[in-house]
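Okay, structure first, notes after.
The values are calculated or read from the model by the stated rules, or taken from the named source; none is laboratory data. Just so it is clear, the model here is predicted, and its values are computed rather than measured. Cβ atoms come from the backbone with ideal geometry, glycine included; neighbour counts cover every protein chain shown. What goes into the accessible areas is simple: the full protein's heavy atoms, side chains included, and nothing from ligands, DNA or RNA. Shrake-Rupley method; radii C 1.70, N 1.55, O 1.52, S 1.80 Å.
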Amino acid sequence: MARECTHVAMESTGEYWRPVFNILEANFQVLLVNGHHIKNVPGRKTDTKDAQWIGELLMHGLLRASFIPPIEQRDLRDLIRHRTNFIRERATLVNRVQKVLEGANIKLAAVVSDVMGVSARMILDAIVKGETNPQLMAELASKRLKDKREQLIQALDGKVR
C-alpha cells in the first residue's frame, strides 16, 4: 500500500489463481481475467511480458473481470464439491467390495439391501477375520435379515482367498 496500489489484475489459470486471489482480495480490488480476453501482442511469450501487458491493460481500464462470487458462496460451493466427491468415492469403494465378494462367489448383495449396512458389515468383519462357515456368519444378521437366514447361508457359501 506504500505505492498506493488499489487494483490488481491476474489471469485465471486453472486453480492456481485461487490462493493468490484469497490473499489479495482483502486489501485490493482484484480483477481475475480470462486469458482469451487479454491476447498479447505477437512475439515471444514470457510470464514477465504477460504481467506487464496485463498491467498496461489494467491502467487503461481495458480489462473485463470474471465473476467471482462472494467468499461465503465460494466456501459453500467448495463444501458441496467435496461432499459430492466423497459420495462418489464411497460408491466406488462399495462397488469394489461387492466385486471382491462376487469374485469369492459370495452373493451378499442379493440378500441385503445395503452391503455397508450394520448386519452386512458384521458379516464382512467376520469374513476378514477368517470365518468361512456360512451358518455362523448368517447368525450375525439383524432381526430383519433373520427371516432370510436360508438365503443368507446360500449367499455366504463362497471361498475367500
Item to check | Relative contact order (percent, whole number), the range 2-84, Cα cutoff 8 Å, 6+ residue spacing | outcome: 30 percent
Checklist entry - Can you give me the Cα centroid spacing of the range 4-20 and the range 72-138 in angstrom? => result 42 Å
Checklist entry - Normalised by the number of residues in the chain, what is the relative contact order in percent for Cα pairs under 8 Å and 6+ residues apart? => result 16 percent
Checklist entry - Which parts of the range 91-113 would a label at LYS159 reach, counting a residue when its backbone N lies under 14 Å from a point 7 Å out along Cα-to-Cβ? => result 103-106
Next on the checklist: Heavy atoms only, 1.4 Å probe, whole protein assembly: order TRP53, TRP17 by accessible area, highest first.
Outcome noted: TRP53, TRP17
Item to check | In order through the range 139-147: 3J(HN,Hα) via Karplus (6.51 cos²θ - 1.76 cosθ + 1.60), integer Hz, x for Gly, Pro | outcome: 5, 6, 5, 6, 3, 4, 7, 4, 5
Next on the checklist: Please give the charge dipole size of the chain, origin at the Cα centre, charges +1 on K and R Cβ atoms and -1 on D and E Cβ atoms. Round to the nearest 20 debye.
Outcome noted: 540 debye
Checklist entry - What are the ³J(HN,Hα) values, in whole Hz, obtained from phi via the Karplus relation 6.51 cos²θ - 1.76 cosθ + 1.60 with θ = phi - 60°, for each residue of the range 7-13 in sequence order, with x given for Gly and Pro? => result 10, 9, 10, 8, 7, 7, 10
Next on the checklist: Could you give the length gained by full extension between SER113 and THR6, i.e. 0.36 nm per residue of separation minus their alpha carbon distance, to one decimal place?
Outcome noted: 32.6 nm
Checklist entry - To the nearest 20 debye, what is the magnitude of the charge dipole of the range 121-161 about its Cα centre, counting +1 on the Cβ of each Lys and Arg and -1 on the Cβ of each Asp and Glu? => result 140 debye
Next on the checklist: Give me, ordered by chain and number, the residues 5 or more places off VAL30 or on other chains with an amide H under 5 Å from its own placed amide H.
Outcome noted: VAL8
Checklist outcome for this item: Amide H neighbours of GLU11 at under 5 Å, excluding residues fewer than 5 places away on the same chain, with H built from the backbone geometry, are VAL33
Checklist entry - How high is the FRET efficiency from LYS99 to ARG18, r the C-beta distance, R0 30 Å, rounded to 0.05? => result 0.25
Checklist outcome for this item: Taking only C-alpha positions in the range 28-161, Rg and Dmax in angstrom work out to 28.7, 80
Item to check | Mean ellipticity per residue at 222 nm, deg cm²/dmol - from DSSP H runs of n ≥ 4 across the chain, formula -39500 (n - 2.57) | outcome: -15500 deg cm²/dmol
Checklist entry - If you count, for each residue, the other Cβ atoms within 10 Å and average over each peptide, how do 88-97, 117-126 line up from highest to lowest? => result 117-126, 88-97
